[in-house]
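Heads up, the thing below is written out as structure tokens.
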Amino acid sequence: MIELFKQPRYNFIGKRKWAYVISITFTLIALISLVVRGLHYDLDFTGGTLVQVRFDKAPTVAQIRAGLSRIKLGESIIQQFGDPREYIIRMPLTSSSSEALTQQVTGALREESELGPFEIRRIEFVGPQVGKELQWQAIQAVLFGLVGILLYIALRFDLKGGVAAVVAVFHDVLVCLGAISLTGREFSLPVLAALLTIIGFSVNDTIVAYDRLRENRSKFVPKGKSFAEQMNDAVNQTLSRTVLTSLTVFFSAAILLFFGGKTLEDFAFVLFVGVITGTYSTTYVAAALVVDWTDYVEGRLRRRKKAVAKA
């Protein structure tokens, strides 16, 4: 493997207290945004009707809304879809068939003379039951993933490592959801796929660091070397691998985000944010928590031994 860093000795773990402040700050921002602004769910999760329309000349949202008001299908969400001439219209559930709804929307938009010629590119229906089932399946996918990660790392390494890895993954997911909420993006099936990808990416990086720590501890450890120093050595020894892997994913996500088009934008945005927070959380959430937890347990054991010795 290419070594970007020759025997690095950066004190990552020594800066963990400052990292806790940063993590808590971003987590609170994400939570506040999720509570105040919430998530805008895609049609797949809410149910309803989606119509994609392309106009010959760029209209305004007000003009489109004025045209749709004639058919009185309820409050519609109208969003530009990449090109200024292309729009996505999301409408509440209706009992009309796709053919009837297409005729209604076409007729209503044609009556608005300022809109000019247009083309309906697609129309999609999702029933309320399907939307609810997808919401539940999305929750199950994340929960089962976290439980599986906990069990795998607990069996392969120890319980502390498993719990810390799950906390790190939860941190990554929460920050990504907060970023989605803050930017007003939709939570869709591609976004869910991106979140699950980030979970796998974050855990993989954490396992590499844990594995190097275990390998080092199986060898000769200099007397007096603290657990925090041993963890810091493991992080430094895997630094080149972490940077190479993270940069590869980061640049790929950046290209999709800026040049992949509107369809892939939300998916790429989650990957873009997630690869940053996933790389960060390996050291400053998962590794840092294991260090402080181990120091706490070992400190209690030392105090207990001293108390027994005095008695």
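The figures follow:
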{"quantity": "Residue in segment 121-130 that is of a type in the set (Phe, Trp, Tyr) and over 30 Å from residue 66 (Cα atoms) present", "calculated": "no"}
{"quantity": "Complete set of residues in segment 275-311 that are open to solvent by less than 90 Å² (accessible area, probe 1.4 Å), modelled with pLDDT under 90 and either in contact with a Lys or Arg (Cβ under 7 Å, 6 or more places away or on another chain) or aromatic (Phe, Trp, Tyr) (or both)", "calculated": "294"}
{"quantity": "Subset tally (residues that are modelled with pLDDT of 70 or more, open to solvent by less than 70 Å² (accessible area, probe 1.4 Å) and over 24 Å from residue 266 (Cβ atoms)) for segment 70-100", "calculated": "1"}
{"quantity": "Hits in segment 152-183 (condition: over 14 Å from the mean Cα position of the chain (by Cα) and either within 30 Å of residue 77 (Cβ to Cβ) or open to solvent by less than 20 Å² (accessible area, probe 1.4 Å) (or both))", "calculated": "153, 161, 162, 164, 165"}
{"quantity": "Lone unmet requirement of (1) of a type outside the set (Val, Ile, Thr); (2) under 30 Å from residue 50 (Cα atoms); (3) open to solvent by less than 20 Å² (accessible area, probe 1.4 Å) for residue 236", "calculated": "(2)"}
{"quantity": "Subset of segment 219-258 [of a type in the set (D, E, K, R) and in a helix (DSSP H, G or I)]", "calculated": "229, 233, 241"}
{"quantity": "Answer residue from segment 184-210, given it is among the polar types (S, T, N, Q) and open to solvent by 30 Å² or more (accessible area, probe 1.4 Å) and is farthest from residue 135 (Cα to Cα) among those", "calculated": "204"}
{"quantity": "Test: residue 272 is without any contact (Cβ under 8 Å) to a residue 24 or more places away in the chain and surrounded by fewer than 16 Cβ atoms within 10 Å (Cβ to Cβ)", "calculated": "no"}
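The values are calculated or read from the model by the stated rules, or taken from the named source; none is laboratory data. All figures in this text were calculated on a predicted structure; none of them were measured in a lab. All Cβ positions, even for glycine, are placed from backbone atoms using ideal geometry, and neighbour counts span all protein chains on display. Accessible surface areas use protein heavy atoms only, side chains included; no ligands, DNA or RNA. Shrake-Rupley method; radii C 1.70, N 1.55, O 1.52, S 1.80 Å.
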